[in-house]
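Structure first, commentary second.
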Amino acid sequence: MKKILLGNEAIVQGALEAGVNFVSAYPGTPSSEIGNIFGDIAKKHGVYFEFSTNEKVAMEASIGASFSGLKCLVAMKNFGLNVASEALIPFCYTGTKGPTVIIVADDPSCWSSGQSEQNTRAFAYLAHIPMLEPSDAQEAKDFTKLGFEISEKYNLPVIIRITTRVAHQRMPVEIGTIKKSSTKGKFVKDVKKYVTMPPRVLEMKEELLEKMDKLGGDAEKSKWNVLTGGNGKIGIITSGVSYLYIKEVLDKLGLNMPTLKLGFFNPLPRKKISSFIKGLDKVLIVEELEGWLEKEVNILAKQVNPELKIHGKDVLPISREFNADIVGPAIAKILGKKWKKSLEIGNWKLEIPKRYPRLCEGCPYWFVFSAVKEVAPEGTIFGGGIGCYMLAGFPPHGIQDYLLCMGSSIGVAHGIKKNSKQKLITFIGDGSFFHAGIPALINTVYNKSNPLIIIMDNRITAMTGHQPNPGMGKTGMGENSEEILIEDIVKACGVKHVRVIDPKNISELKATIKEFLDKKEVSVIVSKRICALWERRLKRSEKHGK
């Protein structure tokens, strides 16, 4: 039976078919749907699911469940792996007990990842971790199951690296049988396996490298490294969604070039690659972002085909998401052909007015930004972070002078204020505050800085799709939980000047901003009002008795 699934839905289906027991995630587009779906269906399938407070904690929760023998899935976007890596790398050393798959979603072209265009494939080398790259939704499901099989065989965590076009494409996917799940495990003490301390940790690294070497043999024989096309002296090597663009281009050009599509990124099937390039005159490496495959092919070619002409980043960009009109000219160029763009508009001059992202109608942030703009003295520095409040940087607001990552709005504010007498107001969302803002706040108080911090508490993690967070009293599976009050945390961190304000009370908000800007110590305003879009959805649900 086949069912049309989103790539992220296919990953959930694959995990269920593999018999997953424990799922932890932190919401981040383009991976968010994975957690959303598990939140809705976990109880039905006997699976435990949680939205953790950040990706490191999500990784640690699944590590604990794996150590207890449960089959685990962790999901996050690319930047989340930066946060989680402190736990992930030693996890590769200890190895798994319960098989563990980590879904990491990259975002070429930064459709939802404004702070940088990160290529997760580098982590495969850093952590010595197996990494698979599906090209479509069917492979997303199949590779998730394959990841659990590899993890179980080698006692290693496995990364499935997807990109936006894999996560958010739809296609008919073959549906299998869902296995019954259990959330009961048991941790059995084993210091030799679970404690990463010298000198044992060095032995662990040797064991990890041996496992990866053995896995390399399986990678060579894997059916997921696919050779397609006919014969010829010019070939293509690719991985992930780029394969679909190649198929589209070759079909348009009426060609049947030999193409090697790699499902395994780490360990690479080096013998298979060497065999493929041995008889070629030219090869084009088609991969989004940095040329990791190209570097490997250059090394292998020196041994098996020194005269081989290797093309990659000389004809393809190192930045941005690919499409047929990017891949097409590269293939045409090495073949000496011409490429006609998919969209021809003749002599028309198409002028599209520039549009900026906007806050939703009724969003409480409108009140905050307008109040700040009205009362902040000229020259005030404005700090930003990741969330809906990023939109402060666009018209009509224009109040964002730096933006790096989650939690950094406070950390950077401290650094500026310690070296400057300039007024500074920095914004952070409730989700970001729980994720990474608390340590930065403690550091700001401890080291005697005095920015004005406005915590935008809209009662939900809004930008990634309205996932719950610790401040709203609901878990990822919809269960009632302790509501963690942001103002209580702020006071416990030593902040003396704290005020909770409904931003619709614009006069109180403006007066407090003026007052707190003159404080010699750090001050915090908790702007507390529910996300307007979420409020409307709740009212619709109540109306229909849901």
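With coordinates expressed along the principal axes, the C-alpha atoms belonging to the range 16-81 extend over 28, 25, 18 Å, beginning with the largest.
Across the range 226-335 the C-alpha pair distances fall into 5 Å bins from zero in the proportions 2, 12, 26, 27, 21, 9, 1 percent.
Take the convex hull of the alpha carbons in the range 365-488; its mean projected area over all directions comes to 7.9 nm².
Taking amide H as placed 1.01 Å from N in the peptide plane, the amide H of LEU424 sits under 5 Å from that of ILE381, LEU452, each at least 5 places away or on another chain.
Using the per-residue mean of other Cβ atoms lying within 10 Å as a proxy for protection, in what order, highest first, do the peptides 29-41, 272-284 fall? Show your work: numbers first, answer last.
Values: 29-41: 22.4, 272-284: 18.3.
So the peptides 29-41, 272-284, ranked by packing, come out 29-41, 272-284.
Bridges between two residues of the range 365-543, per DSSP, are antiparallel at a rate of about 10%.
The chymotrypsin sites (Phe, Trp or Tyr not before Pro) found in the range 291-386 that occupy coil by DSSP, while having at most 16 further C-beta atoms within 10 Å, are TRP348.
Ellipticity at 222 nm from helices only: DSSP H runs of n ≥ 4 in the chain, each -39500 (n - 2.57), divided by the residue count, give -12000 deg cm²/dmol. A cut-off of 5 Å between modelled amide H atoms, ignoring neighbours fewer than 5 places along the same chain, links ASN266 with MET131.
The orientation-averaged projected area of the convex hull spanned by the Cα atoms of the range 439-546 comes to 8.0 nm². Between ARG540 and GLU508, the FRET efficiency from the beta-carbon distance, with R0 = 25 Å, is close to 0.20.
Loop-resident chymotrypsin sites (Phe, Trp or Tyr not before Pro) (DSSP state other than H, G, I, E or B) in the range 180-270 with no more than 15 further Cβ atoms inside 10 Å of their Cβ: PHE187.
Take each of the peptides 210-223, 419-432, average the number of other beta-carbon atoms within 10 Å over its residues, and list them starting from the highest. Can you show the working numbers first?
Values: 210-223: 15.1, 419-432: 21.3.
Put in order of decreasing packing, that is 419-432, 210-223.
Multiplying the residue separation of GLU152 and ALA122 by 0.36 nm and removing their Cα-Cα distance gives an extension gain of 8.4 nm.
Quick one: of LYS193/LYS448; LYS193/LYS474; LYS192/LYS223; LYS43/LYS145, which pairs are farther than 31 Å apart, Cα to Cα?
Details: LYS193/LYS448 43 Å; LYS193/LYS474 36 Å; LYS192/LYS223 36 Å; LYS43/LYS145 21 Å.
Pairs exceeding the cut-off: LYS193/LYS448; LYS193/LYS474; LYS192/LYS223.
The convex hull built on the alpha-carbon positions of the chain has an orientation-averaged projected area of 29.7 nm².
Working from label points 7 Å from Cα in the Cα-to-Cβ sense, the ASP40 to LEU404 distance is 3.8 nm. Modelled spin-label separation between LEU209 and PHE187, with each label point placed 7 Å from Cα along the Cα-to-Cβ direction: 3.1 nm.
Among beta bridges identified by DSSP and lying wholly in the chain, the antiparallel ones come to about 20 percent.
The range 131-221 has equivalent-ellipsoid semi-axes of 31, 19, 12 Å, by the square roots of 5 times the alpha carbon gyration tensor eigenvalues, sorted largest first. Potential lengthening of the chain between ILE175 and ALA492 amounts to 109.1 nm, from the contour at 0.36 nm per residue minus the alpha-carbon distance.
Placing a pseudo-label 7 Å from each Cα along the Cα-to-Cβ vector at LYS221 and GLU86 gives an inter-label distance of 4.1 nm. For the range 135-288, what does the alpha-carbon gyration tensor say about shape, rounded, prolate or oblate, given a ≥ b ≥ c as the root eigenvalues, a/c under 1.5 as rounded, and a/b over b/c as prolate? Cα axes put the range 135-288 in the oblate bin. The calculated P(r) of the range 2-221, using every Cα pair and 5 Å bins from 0, goes 1, 8, 16, 21, 22, 16, 10, 5, 1, 0, 0 in percent.
Based on the mean of other Cβ atoms within 10 Å per residue, sort peptides 486-495, 51-60 so the most packed one is first.
Numbers: 486-495: 17.0, 51-60: 23.0.
Result, highest mean Cβ count within 10 Å first: 51-60, 486-495.
To the nearest 0.05, what FRET efficiency results for LYS233 and ASP325 with a Förster distance of 22 Å applied to their C-beta separation?
On the way: r = 26 Å, r/R0 = 1.17.
E between LYS233 and ASP325, to the nearest 0.05, is 0.30.
The phi-based Karplus calculation (6.51 cos²θ - 1.76 cosθ + 1.60; θ = phi - 60°) puts the 3J(HN,Hα) values of the range 276-287 at 5, 8, 4, x, 9, 8, 9, 9, 10, 9, 10, 8 Hz, whole numbers, x for Gly and Pro. How much FRET efficiency would the formula 1/(1 + (r/R0)^6) give for ASP518 and VAL201, where r is the Cβ-Cβ distance and R0 is 60 Å, rounded to 0.05? Approximately 0.70, to the nearest 0.05.
Values in this text are rule-based calculations from the coordinates and carry no lab data. Remember, predicted model here, so these are calculated numbers, not experimental data. Using ideal geometry, Cβ is built from the backbone for each residue, glycine included, and neighbour counts are taken over all protein chains shown.
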